[in-house]
Amino acid sequence: MTTYPPNKRYPAQQPAVNPWLVRLPILFVSGVILLLGSLTVLVIAFQMRYSNLMMPGMSAYGINLSGMTRDQAADALQQQFRYGSDAVFTFRYGDKFWQMTAADLGVSFDVDATVSEAYNAGRSSDYLSNLVSQASIWLNGRGITPIVRFDQNVTVGKLESIAAELNRPPHDATITIDGTTVTTTPGESGKALDILGTLNRLQEAVLSLNTGAEIPLVVSEAPPTIWDAEAAAAKVRAALTGPITLVAENPAGGTFGPWTATVDQIRAVLQLKLVTGADGKQSYDVDADTQAFRGFIEALAPGLIGLPQDARFSFDENSGQLTPVKASISGRALDVDGTLTRLHDSIFNATDRIVPLAFTYTLPQYSDNVTAAELGITQMVSEATTFYTGSTKNRKDNIIQAASHIDGVIIAPGEEFSFNKYIGDISPESGFVQGKIIFGGKTIDGVGGGVCQVSTTAFRAALKAGFPITERNSHGYRVGFYEQNGSPPGLDAAIFQPTADFRFVNDTQYHLLIETSVFPANDSIQFRFYSTNPGRQVILEGPVIKDVVPAKPTVFVANSEITPGNQQYIDWSAEGADVTFTRRILDASGKEIRTDTIYTHYLPWAAVVEVAPGDPRVNA
């Protein structure tokens with residue numbers, strides 16, 4: 001092969017380029033463009049095809065919704081979804097049960113919302129995102145969970161109807177009293193349906209679309225306040241066992257009463273109360289309002305009062321000691337509150353239905369153990385004796401009775417002695433009998449005739465002792481009894497209850513003991529005053545008798561008990577006169593410290609003689 005040198009005018013020719021190097025890129029790009037165009041056409045065609053249809057691969061509740069319209073999907077789902085009617089729930093409590101469908105309980109299928117959710121899948125505002133989502137649905141499929149609505153208000157209404165049947169308030173134990181029969185009923189727990197708790201249990205089953213379940217009702221129990229009333233009933237039975245009897249001791253012996261509280265009265269005052277124990281538990285208790293008996297018991301009080309009674313004494317002049325001749329008695333008053341307390345306690349005691357009344361006691365001023373040394377009693381300071389010869393038996397009996405009421409009495413320093421106080425009521429109930437008394441200017445029959453013999457003797461003893469006389473009343477005329485054995489007129493002391501009394505004051509610093517003695521053998525009564533002489537002397541001067549008036553003529557009166565030829569004096573004639581005594585009291589040195597005048601004005605008096613009826617001297 002021959003080689004030629006290069007042509008310097010014409011460059012050398014280059015080798016040729018492979019045309020496929022250009023064609024291939026062009027073909028690739030064109031292919032891509034064609035592919036994209038085809039895909040675009042397909043996508044557009046797909047979008048147009050399913051613009052109003054469910055995307056292929058879309059399903060709900062097991063139904064393939066691909067290519068369905070919204071209405072078609074709704075119809076298909078509506079026919080498929082029967083949960084509301086097919087799902088049956090059983091609510092149970094014990095042996096009771098209530099069955100309801102899901103629809104009854106407010107469960108419903110929201111088909112429109114479910115269809116909307118299925119239709120809107122892959123149809124957001126982001127186009128590319130939609131394409132991806134649509135491709136995924138087509139290729140992989142997508143299931144939509146049915147949208148189920150659960151209206152709990154409907155369920156609550158159903159549960160409330162169950163609650164109305166099931167609920168029961170707690171019942172406390174009760175006590176019933178019918179006459180004397182007492183019965184009880186035990187306490188019973190209450191029940192209350194817990195609607196919220198039960199609803200929570202149901203919701204779990206509904207949300208899981210459980211086609212049937214037994215739902216145990218949530219029920220709370222409320223215990224009663226009081227479980228048992230037997231303890232209180234036992235107290236009521238004890239209270240109604242029978243009547244209660246009130247009694248009181250009589251200081252003189254025996255008893256007062258009885259007074260009875262009947263079963264009906266007891267039942268009327270019973271009170272049933274609710275009490276809380278230390279453990280916080282409540283129970284019944286039974287009490288009795290015995291204040292209802294206060295008025296009745298207060299009405300008893302005046303008749304049960306006992307005044308304290310001092311001991312009575314005699315003085316032994318040899319030993320200088322006091323000897324009790326009558327025991328002291330404490331005074332008492334009815335303790336109304338204390339009695340009500342005893343009554344209250346006895347109401348619930350079935351075995352002891354006797355209630356002694358309660359009293360408060362007052363000690364006497366002079367007990368049995370008081371001594372002469374304590375009282376300053378050392379000697380006899382005065383003595384007086386009067387005679388009642390010629391007295392009737394009744395008059396003698398009254399003298400003895402009156403003297404016994406004063407025997408052994410102690411008068412404190414500064415105390416005033418009252419004859420009527422110590423004699424008490426002059427009546428048959430006090431042991432006095434009929435006798436002759438001076439009343440209204442004449443001698444008549446009356447209870448207590450002869451008592452003035454005793455007051456006169458006391459007056460004379462007080463005069464001799466030098467005690468100040470604070471009240472003394474004389475008789476209207478001179479009485480022969482008080483002038484026997486040489487006693488002068490003008491030293492008598494009449495008493496008449498309640499207007500006339502004999503009184504004197506113990507003006508010494510020593511106690512005074514008054515002793516009385518009646519000597520039937522010589523028809524005399526004696527008063528002895530024991531104390532300590534403060535060192536005074538008593539001088540009694542008189543009597544000075546003036547203005548003497550002759551006695552009135554004798555009066556004869558008929559008495560059917562007098563036989564003819566016999567007569568009986570019931571009054572004696574006496575001159576009228578003014579009589580004066582002077583009492584001078586001297587101290588230990590003989591100095592006069594007091595002078596008293598004892599003045600008496602006596603009316604003239606006629607003798608009164610009882611004779612047989614028909615005696616010519618009667619009314620002569």
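The values are calculated or read from the model by the stated rules, or taken from the named source; none is laboratory data. Since this is a predicted model, take the numbers as computed values, not measurements. Using ideal geometry, Cβ is built from the backbone for each residue, glycine included, and neighbour counts are taken over all protein chains shown. Note: accessible area is taken over every heavy atom of the protein model, side chains too, but ligands, DNA and RNA are not part of it. Shrake-Rupley method; radii C 1.70, N 1.55, O 1.52, S 1.80 Å.
Counting only protein heavy atoms and a 1.4 Å probe, the chain has 54 square angstrom of accessible area per residue. Residues whose amide H lies under 5 Å from that of THR260, counting only those 5 or more places away or on a different chain, are LEU246; hydrogens are built 1.01 Å from N in the peptide plane. Cβ-Cβ distance of SER116 and ASN64, R₀ of 22 Å, FRET efficiency by 1/(1 + (r/R0)^6): the value works out to about 0.75. This model, with +1 at the C-beta of Lys and Arg and -1 at the C-beta of Asp and Glu, gives the stretch 232-284 a dipole about its Cα centre of some 260 debye.
The separation of the stretch 359-436 from the stretch 484-556, counted between C-alpha centres, amounts to 15 Å. Between 0 and 90 degrees, the angle of helix 152-166 with respect to the longest Cα principal axis of the chain falls at about 40 degrees.
The eigenvalues of the Cα gyration tensor, multiplied by 5 and square-rooted, give the stretch 282-331 an equivalent ellipsoid with semi-axes of 49, 15, 5 Å from largest to smallest. Ellipsoid semi-axes for the stretch 145-286, based on the Cα gyration tensor and the rule √(5λ), read 61, 13, 10 Å when sorted largest first. In the stretch 321-455, the ratio of gyration radius to Kirkwood radius, Rg to Rh, stands at 1.14 when only Cα atoms are counted. Once the Cβ-Cβ distance of SER367 and ALA222 is raised to the sixth power relative to R0 = 60 Å, the FRET efficiency obtained is 0.30.
Of the residues THR341, GLN379, SER367, the one whose Cα sits farthest toward the positive end of the charge dipole of the stretch 318-383, with +1 on the Cβ of Lys and Arg and -1 on the Cβ of Asp and Glu, is THR341. Note on the stretch 567-587 and the stretch 146-209: Cα centroid distance 108 Å, given to the nearest whole angstrom.
The dipole here belongs to the stretch 395-541: it is taken about the Cα centre, uses +1 on the Cβ of Lys and Arg and -1 on the Cβ of Asp and Glu, and is about 300 debye.
The structure shown yields volume of the Cα convex hull per residue in Å³, and of the options (i) 532; (ii) 186; (iii) 226 that calculated value carries the label (i).
A crude spin-label estimate for the pair ARG82 and ALA103, with each label 7 Å from Cα along the Cβ direction, gives 1.1 nm. For GLN309, what is the net charge nearby, where nearby means another residue's Cβ is under 15 Å from its Cβ and Lys, Arg count +1, Asp, Glu -1? Result for the neighbourhood of GLN309: +1. Taking the 1.4 Å solvent-accessible surface of the chain as the whole, the part contributed by carbon and sulfur is 54%. Taking Cβ atoms as reference points and 13 Å as the exclusive limit, the residues near ASP112 contribute a net charge of -2, counting Lys and Arg as +1 and Asp and Glu as -1.
At full extension, THR183 and ILE469 could sit 95.4 nm farther apart than now, given 0.36 nm per residue minus the alpha carbon distance. Placing +1 on the Cβ of every Lys and Arg and -1 on the Cβ of every Asp and Glu, with nothing else charged, gives the chain a dipole about its Cα centre of roughly 2920 debye.
Helix 70-80 and the longest principal axis of the Cα set of the chain meet at an angle near 60°. Taking amide H as placed 1.01 Å from N in the peptide plane, the amide H of TYR477 sits under 5 Å from that of LEU603, each at least 5 places away or on another chain. Between LEU36 and GLN537, the simple spin-label model (points 7 angstrom out along Cα→Cβ) gives 17.3 nm. For the stretch 295-304, the Karplus equation 6.51 cos²θ - 1.76 cosθ + 1.60, evaluated at θ = phi - 60°, returns couplings of x, 5, 5, 4, 5, 6, 3, x, x, 10 Hz by residue, with Gly and Pro reported as x. Dividing the Cα radius of gyration of the stretch 542-587 by 2.2 N^0.38 Å, with N the residue count, gives 1.97. The label-point distance for GLN434 and LEU27, in a model that sets each label 7 Å from Cα toward Cβ, rounds to 17.9 nm. With everything on Cα atoms, drop me the angle between helix 195-207 and the longest principal axis of the chain, reported from 0 to 90° to the nearest 10. Computed tilt is about 10 degrees.
In order along the stretch 116-128, the phi-based Karplus estimate (6.51 cos²θ - 1.76 cosθ + 1.60, θ = phi - 60°) of 3J(HN,Hα) comes to 4, 5, 5, 5, 7, 5, x, 10, 8, 7, 9, 4, 5 Hz; Gly and Pro are listed as x.
Ordering VAL154, ASN559, VAL451 by Cα displacement along the dipole of the chain toward the positive end leaves VAL154 in first place; charges were set at the Cβ atoms of Lys, Arg (+1) and Asp, Glu (-1).
Note on LYS158: lysines with a C-alpha under 16 Å away, same-chain residues under 8 apart excluded, are LYS96.
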